[in-house]
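Readers should treat all values here as calculations from the given coordinates under stated rules, not as data from a laboratory. Values in this document were obtained by computation on a predicted structure and should not be read as measured data. Note that we place each Cβ from the backbone using ideal geometry, even for glycine, and neighbour counts take in every protein chain shown.
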Amino acid sequence: MQNLGQVKKMKISELLGSEKIGISCELFPPKLGSQLANVKDVVKEMADLKPSYMSITYGATGGTSEYTVDIANEIQNVNHIPALAHLTCASSGKEKVHEVIEELKEAHIENILALRGDIPENADFTLQRDYKYASELIYDIKAQGDFCIGGACYPEGHPEAKTMEEDLIHLKDKVDAGCDFLTTQMFFDNNIYYNFMYKVLQKNITVPVIPGIMPVTNSGQIKKIISLSGNMVPPRFKAIVDRFADNPSAMRQAGIAYAAEQIIDLIANGVNHIHIYTMNKPGVAGEIFNLLSEIYVRG
Ligand code: FAD
């Protein structure tokens, strides 16, 4: 594994403990090794924007796991930005999970977002049963080393949960298993996040809850998001999609402005860290960062 220059180790819990405003970005690994060089170029472009950390997803079918560690290494040890490696357990048994954890230790990656993962319909792999829920994965990671562990949460409720109350009870179990922080599923109305925070605190969940913001830059994206996550689309956002769906560059500009506005409102209301689902689009991330140039001091 490539390991150049100074290693920028930093637990995300330390970043979140500071009063400084932080913005992090998310990338996904390539499906094929032949696309690795392109994604590494994207990592560099994104790192040049100086986000507070960068996360890298882990393919639901487990097939991209080797690239997740590789990209996390690239983020942290080549581009000197703290890395958060996602790790899912729906398709990976204990043996595979332990293998990935050892690779992360070797690369000095200290931050893991521990997830169950989604099971795609018609998946051509065997569902693993070593861990049923993310909380079981979190217990196991905790036992394997000194990691800062994050978990996912759903301000509108996880699609499989019968009620919000049930989902919150499981969320509390997940945090008690050893989560140091949570990152939310995307939402398009900040009141959803603020209401969720009341419920979270009522359940005595006191770890930081980082809001996840998705810049929607094309109309196809929004249809996919709603069908996958059941997100509520506020009328103000729906009007943008209705008005600009047929004008890609206008839709892109409006989507970026909407995401930046959501971020500004969150910061104005006391949220110090925001995660952007930048999805390998450094151009989009760069435009959002520019709109926040006097609000977010980079680095
Ligand atoms: P869990 O916490 O296990 O919850 C799943 C469901 O089970 C919930 O409905 C919960 O209420 C329920 N539940 C939990 N515990 C119990 C229990 N003890 N008894 C009964 N029910 C229970 N997917 C990927 O494949 N790769 C990624 O990199 C990735 N990154 C993500 C990042 C973020 C920030 C988010 C929000 C999601 C991400 N996902 C990713 C998607 C995620 O894997 C799916 O949403 C998945 O369906 C749930 O994962 P989880 O870790 O939240 O699961």
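A quick yes/no check of all residues on (1) buried (at least 17 other Cβ atoms within 10 Å of the Cβ); (2) within 16 Å of SER55 (Cβ to Cβ):
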residue: THR184; (1), (2): yes, yes
residue: PHE187; (1), (2): yes, no
residue: TYR193; (1), (2): yes, no
residue: LYS199; (1), (2): no, no
residue: GLN202; (1), (2): no, no
residue: PRO208; (1), (2): yes, yes
residue: GLY212; (1), (2): yes, yes
residue: ASN218; (1), (2): no, no
residue: GLN221; (1), (2): no, no
| query | Which of (1) in contact with a Gly (Cβ under 9 Å, 6 or more places away or on another chain); (2) within 13 Å of the ligand (Cβ to nearest atom) is the odd one out, the single condition ASP180 does not satisfy? | reply | (2)
| said: Residues to consider are GLN253, GLN262; find the one that is touching a residue at least 60 places away in the same chain (Cβ under 8 Å), assigned to a helix (DSSP H, G or I) and touching an Asp or Glu at 6+ places or on another chain (Cβ under 9 Å). | reply: GLN262
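For the stretch 131-147, check the following and say yes or no: at least one residue is in contact with a strand residue (DSSP E or B) (Cβ under 6 Å, 6 or more places away or on another chain) and under 30 Å from ILE264 (Cα atoms).
No; the residues of the stretch 131-147 include none that is in contact with a strand residue (DSSP E or B) (Cβ under 6 Å, 6 or more places away or on another chain) and under 30 Å from ILE264 (Cα atoms).
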| task | Report the residue count in the stretch 134-193 for those that are of a type in the set (Lys, Arg) and in contact with a helix residue (DSSP H, G or I) (Cβ under 7 Å, 6 or more places away or on another chain). | result | 2
| request: Taking the residues in the stretch 73-119 that are in contact with a Cys (Cβ under 7 Å, 6 or more places away or on another chain) and without any contact (Cβ under 8 Å) to a residue 60 or more places away in the chain as candidates, determine which candidate is nearest to LYS142 (Cα to Cα). | output: VAL97
| request: Take the residues in the stretch 159-175 that are more than 9 Å from the ligand (Cβ to nearest atom) and surrounded by 13 or more Cβ atoms within 10 Å (Cβ to Cβ), then tell me which one is nearest to the chain's Cα centre (by Cα). | output: VAL175
| Going by the structure shown, is ILE295 part of a helix (DSSP H, G or I), surrounded by fewer than 21 Cβ atoms within 10 Å (Cβ to Cβ) and either among the hydrophobic types (A, V, I, L, M, F, W, C) or in contact (Cβ under 8 Å) with a residue 60 or more places away in the chain (or both)? | no
